[in-house]
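Quick notes on the structure that follows.
The values are calculated or read from the model by the stated rules, or taken from the named source; none is laboratory data. The shown structure was predicted, so the numbers you read here are calculated from the model rather than taken from an experiment. Glycine also receives a Cβ, built like all others from the backbone with ideal geometry; neighbour counts cover every protein chain displayed. Only protein heavy atoms, including side chains, enter the accessible area calculation; ligands, DNA and RNA are left aside. Shrake-Rupley method; radii C 1.70, N 1.55, O 1.52, S 1.80 Å.
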Amino acid sequence: MGTFVYSSSCLSWKNLCRQMNPSHHVVPRGVPEKGCSRIKAAACSKEDARMNRDSEISAGSLNRRSAIISGASLISSVLLFPGEGSAVIKQGLLAGRVPGLSEPDEEGWRTYRRPDDKSGGHGVGWSPMIPYTFSVPDKWEEVPVSIADLGGTEIDLRFANPKEGRVIVIVAPVKRFSDEIGEEATIEQIGPPDKVISAFGPEVIGENVEGKVLRSEVAEHEGRTYYQFELEPPHVMITATAAGNRLYLFNVTGNGLQWKRYYKDLRKIAESFRVV
């Protein structure tokens with residue numbers, strides 16, 4: 001799932017003026033130019049008609065080009081400088097990117113399932129990704145992922161509610177950690193819980209996790225093992241598992257106020273993660 005970077009090339013002011021005001025001498029029909037014969041005047045008149053047609057074609061082409069440039073500039077300005085008009089653009093960009101989100105259930109929770117045909121910036125040679133699912137309360141939405149994010153192309157998905165918290169899904173090739181793990185990896189092959197959180201926790205929080213692990217649990221669902229951790233500070237819950245040739249890190253985080261108010265929901269989100 002990635003962010004688009006838009007760039008637009010603008011016409012220089014001189015070129016714009018030159019195309020809008022082509023410089024040519026028009027001789028009125030039937031009025032000979034000084035020193036011109038009637039035959040020359042007629043020839044000039046024909047040349048004038050031809051240049052007028054060329055001017056109209058040039059103007060039409062310029063109008064179409066200007067419309068394209070204006071549209072690209074609008075998108076670029078909204079992405080780089082979001083304002084009141086950004087909601088419409090954002091909705092358009094996300095409209096085709098969230099087909100995996102279900103309607104709310106009776107408790108107001110939605111289930112997200114990664115679409116089978118969703119692309120991801122995970123490099124050449126990767127096998128099709130095994131989908132994952134998780135649940136979030138209503139009003140949580142997907143947030144566009146940029147390749148400029150910390151974690152780069154290994155961030156597969158972002159979800160958030162500005163008032164409640166954030167979700168980040170990291171998917172990394174297991175070969176990055178060990179050449180001895182095959183194409184059907186398990187989290188146990190990567191290591192025990194303490195080794196996994198020590199190795200990958202810093203990639204999530206940006207610092208050493210020593211002394212920050214408040215809770216560490218092991219759960220099994222449908223034959224797959226999940227390591228579950230809670231760290232503080234910063235406030236974050238990490239669910240780790242492996243499937244195929246990838247390691248999955250499902251991270252739920254929030255600020256201090258969100259952690260206090262929505263802890264129960266955030267933990268429910270963290271424990272809902274499954275690779276299917």
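Kindly flag which residue pairs out of Lys139/Lys260; Lys139/Lys264; Lys175/Lys195; Lys163/Lys264; Lys118/Lys268; Lys195/Lys260 have an alpha-carbon separation exceeding 22 Å in this structure. Can you show the working numbers first?
Numbers: Lys139/Lys260 19 Å; Lys139/Lys264 17 Å; Lys175/Lys195 16 Å; Lys163/Lys264 14 Å; Lys118/Lys268 25 Å; Lys195/Lys260 29 Å.
Pairs exceeding the cut-off: Lys118/Lys268; Lys195/Lys260.
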If I stretch the segment between Asp105 and Arg176 completely, what's the gain in nm (0.36 nm per residue apart, minus their alpha carbon distance), one decimal?
21.7 nm
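Quick one: which of 101-107, 156-162, 211-217 comes out on top by average Cβ neighbours within 10 Å, and what's the full order, highest first?
Most protected by this proxy first, the peptides run 156-162, 211-217, 101-107.
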Kindly state, to the nearest 0.05, the FRET efficiency for Lys260 paired with Val218, given R0 = 35 Å and r defined as their beta-carbon distance.
0.80
How do the peptides 220-229, 164-173, 134-143 rank, highest first, by the average count of neighbouring beta carbon atoms within 10 Å per residue?
164-173, 134-143, 220-229
Not counting ligands, DNA or RNA, and with a 1.4 Å probe, what is Lys195's accessible surface area in Å² rounded to the nearest 10?
120 Å²
Restricting everything to alpha-carbon atoms, can you work out Rg to Rh for the stretch 145-276 with a Kirkwood hydrodynamic radius?
0.94
